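For reference, the structure is listed below as structure tokens.
The values are calculated or read from the model by the stated rules, or taken from the named source; none is laboratory data. Bear in mind the structure is a predicted one, so any value in this text is a computation, not a measurement. With ideal geometry, Cβ positions are generated from the backbone for all residues, glycine too; neighbour counts draw on all protein chains shown.
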Amino acid sequence: MTGTSYMAKEVSSQPKLWMETYESILDEKDAITSFLAGIYAINNLQIILTGAGSSAFIGEILQSAFHKNTGILVKAIPTTDLVTHPGDFFEKATPTLMVSFARSGDSPESVATFELAEKLTDIIYHLVITCNPEGKLASMASKKSNAFTFLLPEETNDQALAMTSSFTSMTLAGLLISAINNIEKNEEHVKSMVDFGKNIIEKYTTELEEVAELDFKRIVFLGSGPVKGTAKESHLKVIELTDGNIMCQYDSFLGFRHGPKAIIDHSTLLIYLFSNDPYVYKYEVDLVASINQTEDFMYSIGIGQSSAALKSLNLNLAIPASGNSNEMPDDFFSICSILPAQLLGFYKSLAIGLTPDSPSRNGGIHRVVQGVTIYPY
């Protein structure tokens with residue numbers, strides 16, 4: 001990607017920032033471990049993963065990883081739900097670790113959720129993962145003995161409207177922290193992510209720019225398990241960057257069969273995010289074969305880890321991983337596989353005459369949400 005826009009730089013810098021994020025967490029391993037060890041030992045502890053918008057989708061991607069890696073009950077709940085219905089989620093007698101993801105840390109819901117958690121639970125701990133050391137959330141956490149703040153590298157604090165490097169770097173940080181005791185072993189998976197990210201940017205940017213020039217009106221993103229969260233973030237990226245001009249849908253491969261498949265027509269672009277789990281992949285391949293046989297669509301893209309497997313699916317464009325990335329677990333693949341959607345959204349924004357850094361024509365969408373009034377609870 002070339003150009004002077006913030007987003008072009010922020011998308012292309014991600015592989016480098018993933019490695020920097022890994023190194024930052026490795027440097028803080030002892031402090032993170034010390035903070036979490038005593039909390040994890042608390043009986044009846046629950047973990048809430050939270051954020052707003054793209055930051056909320058991070059929790060959806062990482063929910064299963066946190067549960068697998070800690071053995072603790074984990075809930076992914078957006079701050080936008082916690083603010084309106086705090087009594088449904090905060091339990092006074094239930095010890096809670098709240099993991100908050102926030103690019104700026106200045107959104108009204110993030111600040112209000114922090115305050116509500118303090119008010120409505122007897123035992124509450126905060127792990128704040130943010131890109132902005134000057135944000136309100138980081139400032140609040142710094143004053144609390146029951147809070148730990150992990151600050152991402154400065155460059156992850158995107159200046160463009162749409163979250164790109166902030167999203168992937170915060171997701172990676174959360175994933176690595178969920179298995180902090182295995183961080184050295186996970187270095188190989190981070191390197192695989194970096195390889196895949198560089199491969200997409202270096203080899204497929206031009207092709208994705210050409211796809212963006214097609215006259216599609218609808219896009220469907222499909223993923224399974226943690227990758228469904230990536231499909232959700234993918235659909236939001238295209239909506240944001242095209243100012244709502246492209247109708248976007250996301251779902252799981254199996255869920256898509258139950259009604260949502262009706263969205264497919266001759267103007268539809270289908271984007272499949274394939275699992276590396278052989279069991280899951282069987283269900284995904286079945287859906288692709290069914291769609292190829294029965295549906296009239298414009299174009300299909302497959303993103304996965306096996307070049308040979310992708311070639312067998314009769315896709316218009318296959319984007320496989322490189323190097324040893326075929327060994328990458330879906331938890332890590334869910335992070336780097338967002339890149340094609342970011343690129344596609346960027347080039348579609350340009351193709352329809354928008355500015356990717358600030359694509360909202362009427363100014364209704366902002367980098368930090370505005371116009372939210374927080375009421376006393």
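For region 132-148, how many residues are surrounded by 21 or more Cβ atoms within 10 Å (Cβ to Cβ) and either in contact with a Gly (Cβ under 8 Å, 6 or more places away or on another chain) or among the polar types (S, T, N, Q) (or both)?
Looking only at that region, the number is 4.
Any residue at all in region 144-162 that is modelled with pLDDT of 95 or more, β-branched (Val, Ile, Thr) and not assigned by TED's automatic domain parsing to the domain that holds THR242?
yes
Could you tell me whether any residue of region 337-360 is in contact (Cβ under 8 Å) with a residue 24 or more places away in the chain and among the charged types (D, E, K, R)?
yes
Looking at SER55 and the list (1) surrounded by fewer than 19 Cβ atoms within 10 Å (Cβ to Cβ); (2) part of a helix (DSSP H, G or I); (3) not basic (Lys, Arg), which single condition is not satisfied?
All conditions are met except number (1).
Only one of (1) within 20 Å of the chain's Cα centre (by Cα); (2) outside the structural domain of PHE333 (by TED's automatic domain parsing) fails for ASN181. Which number is that?
Exception for ASN181: condition (1).
Quick one: would you say LEU269 is closer than 27 Å to THR355 by Cβ and surrounded by 15 or more Cβ atoms within 10 Å (Cβ to Cβ)?
Values: closer than 27 Å to THR355 by Cβ: yes; surrounded by 15 or more Cβ atoms within 10 Å (Cβ to Cβ): yes.
Yes.
Could you say whether any residue in region 289-307 is closer than 22 Å to HIS189 by Cβ, touching a helix residue (DSSP H, G or I) at 6+ places or on another chain (Cβ under 6 Å) and assigned to a helix (DSSP H, G or I)?
Taking every residue of region 289-307 in turn, none turns out to be closer than 22 Å to HIS189 by Cβ, touching a helix residue (DSSP H, G or I) at 6+ places or on another chain (Cβ under 6 Å) and assigned to a helix (DSSP H, G or I).
From the list ILE72, ILE48, which residue is under 28 Å from LYS228 (Cβ atoms), within 18 Å of the chain's Cα centre (by Cα) and either among the aliphatic types (A, V, I, L, M) or not assigned by TED's automatic domain parsing to the domain that holds GLU154 (or both)?
Details: ILE72 fails: within 18 Å of the chain's Cα centre (by Cα).
Step by step, each of ILE72, ILE48 is checked, and only ILE48 is under 28 Å from LYS228 (Cβ atoms), within 18 Å of the chain's Cα centre (by Cα) and either among the aliphatic types (A, V, I, L, M) or not assigned by TED's automatic domain parsing to the domain that holds GLU154 (or both).
Are any residues in region 224-250 out of contact with any strand residue (DSSP E or B) (no Cβ under 7 Å at 6 or more places or on another chain) and either under 15 Å from PRO359 (Cβ atoms) or without any contact (Cβ under 8 Å) to a residue 24 or more places away in the chain (or both), and if so, which ones? Write out each step before concluding.
To start, the set of residues in region 224-250 that are out of contact with any strand residue (DSSP E or B) (no Cβ under 7 Å at 6 or more places or on another chain) comprises 224-226, 228-229, 233, 236-237, 240-245.
Of everything in region 224-250, those that are out of contact with any strand residue (DSSP E or B) (no Cβ under 7 Å at 6 or more places or on another chain) and either under 15 Å from PRO359 (Cβ atoms) or without any contact (Cβ under 8 Å) to a residue 24 or more places away in the chain (or both) turn out to be LEU236, LYS237, GLU240, LEU241, THR242, ASP243, GLY244, ASN245.
Could you list, in sequence order, all residues of region 284-294 that are surrounded by 15 or more Cβ atoms within 10 Å (Cβ to Cβ) and more than 21 Å from the chain's Cα centre (by Cα)?
Our first condition is that a residue be surrounded by 15 or more Cβ atoms within 10 Å (Cβ to Cβ); within region 284-294, this holds for 284-285, 287-288, 291.
Residues satisfying the conditions are VAL285, LEU287, VAL288, ILE291.
Return the residues of region 173-228 that are assigned to a strand (DSSP E or B) and among the hydrophobic types (A, V, I, L, M, F, W, C); say none if nothing qualifies.
Residues satisfying the conditions are ILE219, VAL220, PHE221, LEU222.
This table checks each residue for (1) out of contact with any Phe, Trp or Tyr (no Cβ under 9 Å at 6 or more places or on another chain); (2) closer than 29 Å to ALA262 by Cα; (3) assigned by TED's automatic domain parsing to the domain that holds PHE256; (4) modelled with pLDDT under 95.
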site	(1), (2), (3), (4)
ILE301	no, yes, yes, no
ALA309	no, yes, yes, yes
ASN314	yes, yes, yes, yes
GLY323	no, no, yes, yes
MET328	no, no, yes, yes
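So, in region 229-271, how many residues would count as being within 19 Å of the chain's Cα centre (by Cα), part of a helix (DSSP H, G or I) and within 25 Å of LYS282 (Cα to Cα)?
Qualifying residue count, region 229-271: 8.
Return yes when SER358 is part of a loop (DSSP other than H, G, I, E, B), touching a Lys or Arg at 6+ places or on another chain (Cβ under 9 Å) and not aliphatic (A, V, I, L, M) and no when it is not. Before you say what the answer is, go through the steps one by one.
Working: part of a loop (DSSP other than H, G, I, E, B): yes; touching a Lys or Arg at 6+ places or on another chain (Cβ under 9 Å): yes; not aliphatic (A, V, I, L, M): yes.
So SER358 fits the description; yes.
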